[in-house]
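Just below is one structure, and these are the notes that go with it.
The values are calculated or read from the model by the stated rules, or taken from the named source; none is laboratory data. What you see is a predicted model; the values in this text were computed from it and never measured. Positions of Cβ are backbone-derived with ideal geometry, glycine not excepted, and every protein chain shown enters the neighbour counts. In case anyone asks, the SASA skips ligands and DNA or RNA and just uses the protein heavy atoms, side chains included. Shrake-Rupley method; radii C 1.70, N 1.55, O 1.52, S 1.80 Å.
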Amino acid sequence: MTQIKPLPHIAQTKPYVPGGKLAGATGPVIMLASNENPFGPSPKAIEAMKAVAGDVHVYPDPEYRALRETIAEAAGIADASRVVVSAGSDEIIHLLTQSYAGPGDEILFTEHAFSMYRVSALSHGATPVTVPETDLTAGVNAILGAVSERTKILFLANPNNPTGTMMPVEALKQLQDALPPHVLFVVDGAYAEYVGPDYEAQIRDLVDRKANTVMMRTFSKIHGLAALRLGWAYMPEEIAATYQRIRGPFNVNGLAVAAGMASIRDADFLTKSRDHNSEWRTRMTEALNAMGLPTPQSDANFILPDFGTAERASGANDFLKARSILVRAVGGYGLPSRLRITVGSAEDNQAVLAALSDFTASH
Ligand SMILES: Cc1ncc(COP(=O)(O)O)c(C=O)c1O
């Protein structure tokens with residue numbers, strides 16, 4: 001047994017549980033568990049990666065100037081020096097937590113928030129504080145009621161994962177105005193593209209309204225580049241400078257740089273992905289409601305039907321697995337009677353609906 005022991009707060013941190021793979025599956029598996037883009041990456045991103053594949057023996061530009069400028073241009077951001085890039089947006093969650101919170105500090109998020117906020121708080125010795133939601137949705141007053149002198153960061157995914165719900169932009173502004181200046185407000189826009197370009201611009205503009213706000217984004221969802229691990233954020237100048245001080249000098253790999261630049265310029269691919277998602281999200285929500293599985297409106301690329309009890313949700317999950325369909329159990333998010341289903345290809349969506357129709361007819 002080794003004498004080398006991690007810090008107590010590291011030893012107590014429970015790791016993130018990923019969507020995973022279907023154990024023992026022999027044939028093709030329908031993957032609707034991790035909110036990935038059913039179209040895959042943009043063909044332009046694939047071309048861009050091929051074009052630089054022979055150059056990966058060379059370190060990337062440590063300042064990532066071209067990538068940051070391309071992101072800034074696509075997002076309508078005037079000052080690219082305030083755009084930072086990361087190895088997946090998970091890295092931004094970690095680096096902000098590392099920079100601004102430690103033992104004795106509190107990190108706020110809501111009841112069914114993305115679970116990396118908790119993992120990150122615990123792994124830096126900070127105290128996670130969970131705010132109750134109403135009808136699976138975060139609310140301004142509840143959040144403000146939980147803020148204390150010790151609160152250092154508020155993480156809010158909007159739309160949220162796994163609920164798919166979101167707060168209106170007016171509520172985000174109210175929250176931003178009412179938060180004390182010692183609280184960093186992190187708006188996580190991992191699913192913002194599914195709401196649409198107007199909304200993307202509105203959360204971008206929040207960053208310029210007050211010096212306490214960061215907007216973070218990912219290339220893992222609508223861009224279909226999850227395996228490359230690429231994220232970015234728009235920050236006030238001083239926060240960006242802090243971030244640049246502690247990130248790894250080459251935290252984003254060269255293939256991700258090439259693919260990210262090509263993808264964010266491929267407006268047609270993004271529109272096609274968003275339109276497909278909107279159409280199927282509505283069709284799936286209506287079909288599940290009609291089957292007697294209450295499914296709230298989602299603004300993201302997944303839906304969250306309610307099976308009534310934890311046992312029935314677990315039974316449905318097993319039933320789907322037996323048909324090689326993988327969705328996400330969300331008991332770990334305090335939602336044991338629900339399953340999270342990613343909006344997939346037309347064929348995969350039809351398959352999961354047909355399977356759940358059979359399940360509800362017999363269970
Ligand atoms: C709300 C939210 N934020 C951040 C992430 C992290 O994404 P990535 O690290 O792949 O950029 C996810 C991934 O599921 C998410 O749902």
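With all protein chains present, how much of the accessible area of the chain (probe radius 1.4 Å) comes from carbon and sulfur, to the nearest whole percent?
Here carbon and sulfur together make up 55 percent of the probe-accessible area.
According to the Cα gyration tensor, what semi-axes, each the square root of 5 times an eigenvalue, does the equivalent ellipsoid of the stretch 49-182 have, listed from largest to smallest in whole Å?
Taking √(5λ) for each eigenvalue gives 32, 18, 15 Å, largest first.
Expressed as cubic angstrom per residue, what is the convex hull volume of the alpha carbon set of the chain?
160 Å³
Taking K and R as +1 and D and E as -1, what net charge do the other residues with C-beta under 13 Å from the C-beta of ARG150 add up to?
-2
In cubic angstrom, how much convex hull volume per residue do the alpha carbon atoms of the stretch 119-181 span?
Each residue corresponds to 88 Å³ of Cα convex hull volume.
Cut-off 16 Å, label point 7 angstrom out along Cα-to-Cβ of MET291: give me the residues of the stretch 8-50 whose amide nitrogen falls inside.
Within reach of a label on MET291: 30-33.
Which whole-number value in Å² is the accessible area per residue of the chain, probe 1.4 Å?
44 Å²
Once you have the Cα-Cα distance between ARG65 and ALA267, take 0.36 nm times their residue separation minus that, and quote the gain in nm to one decimal.
That pair, ARG65 and ALA267, stretches by 70.6 nm at full extension.
Taking every Cα atom in the stretch 140-223, find the radius of gyration and the maximum pairwise distance Dmax, and write them in Å.
12.5, 39
What lysines does LYS210 reach when the alpha-carbon gap must be under 17 Å and sequence neighbours fewer than 8 apart in one chain are set aside?
Filter leaves LYS152, LYS173.
Among TYR243, ALA233, VAL207, whose Cα projects farthest towards the positive end of the dipole of the stretch 161-282, with charges put on the beta-carbon of Lys, Arg (+1) and Asp, Glu (-1)?
Highest projection toward the positive end goes to TYR243.
Taking the stretch 118-162, which trypsin sites (Lys or Arg not before Pro) meet the DSSP loop condition and have no more than 10 other C-beta atoms within 10 Å?
Taking the stretch 118-162 and a limit of 10 other Cβ atoms within 10 Å, no loop trypsin sites (Lys or Arg not before Pro) are found.
Between LYS5 and LYS321, what is 0.36 nm times their sequence separation minus the Cα-Cα distance? Round to one decimal in nm.
Roughly 109.9 nm would be gained on extension.
Which of the GluC sites (Glu not before Pro) found in the stretch 111-191 are loop residues per DSSP with 10 or fewer other Cβ atoms within 10 Å of their Cβ?
Of the GluC sites (Glu not before Pro), the ones in loops of the stretch 111-191 whose Cβ has at most 10 other Cβ atoms within 10 Å are GLU149.
Take the Cα atoms of the stretch 212-363, find their three principal axes, and give me the spread along each one in whole Å, biggest first.
57, 34, 27
Can you tell me the FRET efficiency between SER81 and THR26 if r is taken as the Cβ-Cβ distance and R0 is 56 Å, rounded to the nearest 0.05?
FRET efficiency, SER81 to THR26: 0.65.
Grab the other residues whose beta carbon is less than 12 angstrom from that of LEU108, score K and R as +1, D and E as -1, and report the net.
0
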